[in-house]
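A.B. asks: Sharing a structure here in structure tokens format.
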Amino acid sequence: MRIKAYAKVNISLDIVGKREDGYHILEMVMQAIDLYDEINIEKQSKDITIKCNKPYVPTDERNLAYKAAKLFMEKYHIHSGVNINIKKNIPVCAGLAGGSTDGAAVLKLMNKLFEVNASDEELMELGLKLGADVPYCIKGGTALCKGIGEEVTKLNEFKDKILVLVKPPFGVSTKSVYQDFDLGKVRSHPNTEVLIKAIESDDLRMVSNNMKNLLENVTLRKHKVLINIKEEMKNTGAIGAMMSGSGPTVFAFFDDMLKAQKCFEKMKLKYTDVFITRTI
């Protein structure tokens, strides 16, 4: 049983508070893109085994796909095992929900494979135990995510918009970025309402002009190369460029495929992980 596990970008990422348990309270507009891992699951008599085409991806209990399978088995009292095969295309530690989308895909596949018939809401509740992006990854598409990621509201589809993504040759720890974030120093927040209206009217330029990610305050300060990437992308015709999630991937919207291709080719001379894709 096979499924595509799609990556996401944050069209906005706002932090509106902090809970007593230390978790940040978020307000994010998330968008699925046509860059995906392929997840295949088969039943086996016992244990959870993982195979992956990329040697640097852990295939033990550190992998979110493994954690998802274990969580699902415990919740629904499944006593046989599964073999999970991951064809990895999404860069890791990149701000694109590469691990979260694999975990979400495993929950969805196991739900079908073992004929549990749990609702999306049940899977999202389970997924939240794995990470803040997992509930969104179960829903996909264009969505407003609030709280610590558990409140997911579908928005108008913002599909078929051209994107170029650049992931520099280093990863970023989401946990450390949030630890270094200081809400008291924030001078301006994303205008989520304006952004949602822009999405509703399918206005790419208005969306690009209102994108904002508060975590850029942390990651761009540490990695100045990301500022250069954003500038270069804008100079090659991007309408807007921004870091996704906690980074370090930078994405840019284009209204013309030729401009996007030009940007892609220019960035490919400097960076290995460069993608040209669309919103879905």
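A.B. asks: Normalised by the residues of the chain, what does the relative contact order come to in percent, with Cα pairs under 8 Å and at least six apart?
C.D. replies: Working: 616 pairs, mean separation 62.8, N = 280.
Relative contact order of the chain: 22 percent.
A.B. asks: Give the residue from V134, N89, L64 lying farthest towards the positive end of the charge dipole for region 2-154; charges sit on Cβ (+1 for Lys and Arg, -1 for Asp and Glu) and the dipole is referred to the Cα centre.
C.D. replies: The Cα lying farthest towards the positive end belongs to N89.
A.B. asks: Let me ask something additional. Starting from the 7 Å offset along Cα-to-Cβ, what nm value, one decimal, do you get for the label separation of E115 and N89?
C.D. replies: 3.2 nm
A.B. asks: Right, next: For V16 and K46, what does the FRET efficiency come to when R0 = 45 Å and r is the distance between their Cβ atoms, rounded to the nearest 0.05? Spell out each step's value before the answer.
C.D. replies: Values: r = 45 Å, r/R0 = 1.00.
Rounded to the nearest 0.05, the efficiency is 0.50.
A.B. asks: So, one more: Kindly provide the helix-only [θ] at 222 nm of the chain, computed as the sum of -39,500 (n - 2.57) over DSSP H runs of four or more divided by all residues, to the nearest 500 deg cm²/dmol?
C.D. replies: Details: 10 runs with 95 residues, N = 280.
Computed ellipticity for the chain at 222 nm equals -10000 deg cm²/dmol.
A.B. asks: Another question, if that's okay. Among P169, P135, P55, determine the one that fluctuates most according to a GNM of the chain built with springs between C-alpha atoms less than 10 Å apart.
C.D. replies: Result: P55 has the largest fluctuation of those listed.
A.B. asks: Between V152, V29, V16, find the one with the highest GNM mean-square fluctuation for the chain; connect C-alpha pairs within less than 10 Å.
C.D. replies: With Cα springs under 10 Å in the chain, the top fluctuation among V152, V29, V16 is at V16.
A.B. asks: Would you mind checking the tilt of helix 98-113 against the longest principal axis of the Cα atoms of the chain, expressed as 0 to 90 degrees and rounded to 10?
C.D. replies: Computed tilt is about 40 degrees.
A.B. asks: Which FRET efficiency, nearest 0.05, do K224 and R62 yield, Cβ-Cβ r, R0 30 Å?
C.D. replies: Working: r = 31 Å, r/R0 = 1.02.
The calculated FRET efficiency here is 0.45.
A.B. asks: If you line up the long axis of helix 64-76 against the longest principal axis of the chain, both from Cα atoms, how many degrees apart are they, to the nearest 10?
C.D. replies: For helix 64-76, the angle is close to 50 degrees.
A.B. asks: Springs between alpha-carbon atoms under 10 Å, Gaussian network over the chain: tell me which of V82, V207, V225 tops the mean-square fluctuations.
C.D. replies: In the Gaussian network model the winner is V225.
A.B. asks: Sticking with this structure for a sec: Roughly what percent of Cα-Cα pairs across the chain reach past 29 Å? Walk me through the numbers on the way to the answer.
C.D. replies: Working: 12338 of 39060 pairs.
Considering the chain, 32 percent of its Cα-Cα pairs are separated by more than 29 Å.
A.B. asks: What aspartates and glutamates sit close enough to K259 to cross-link, taking a C-alpha to C-alpha distance under 15 Å and skipping anything fewer than 8 places away on the same chain?
C.D. replies: Excluding near neighbours in sequence, the set is E231, E232.
A.B. asks: Angle check, please: helix 225-235 long axis (alpha carbons) against the longest principal axis of the chain (alpha carbons), in degrees 0 to 90, nearest 10.
C.D. replies: 60 degrees
A.B. asks: Just add up the charged neighbours of K139: K/R +1, D/E -1, any other residue whose Cβ is under 12 Å from the Cβ of K139. Please report the intermediate quantities before stating the final value.
C.D. replies: Values: positive: K8, K108, K154; negative: D120, E121, D133, E150, E151.
Charge balance in the 12 Å sphere: -2.
A.B. asks: Taking only the alpha-carbon atoms of region 2-154, what semi-axes of the equivalent ellipsoid follow from 5 times the gyration tensor eigenvalues under a square root, in whole Å, largest first? Write out the running numbers ahead of the final one.
C.D. replies: Details: eigenvalues 128, 60, 38 Å².
Equivalent ellipsoid semi-axes, largest first: 25, 17, 14 Å.
Since every read-out is calculated from the coordinates, none of them should be taken as a lab result. Keep in mind it's a predicted model, so treat the numbers as computed, not measured. Please note: Cβ atoms are built from the backbone with ideal geometry, for glycine as well, and neighbour counts cover all protein chains shown.
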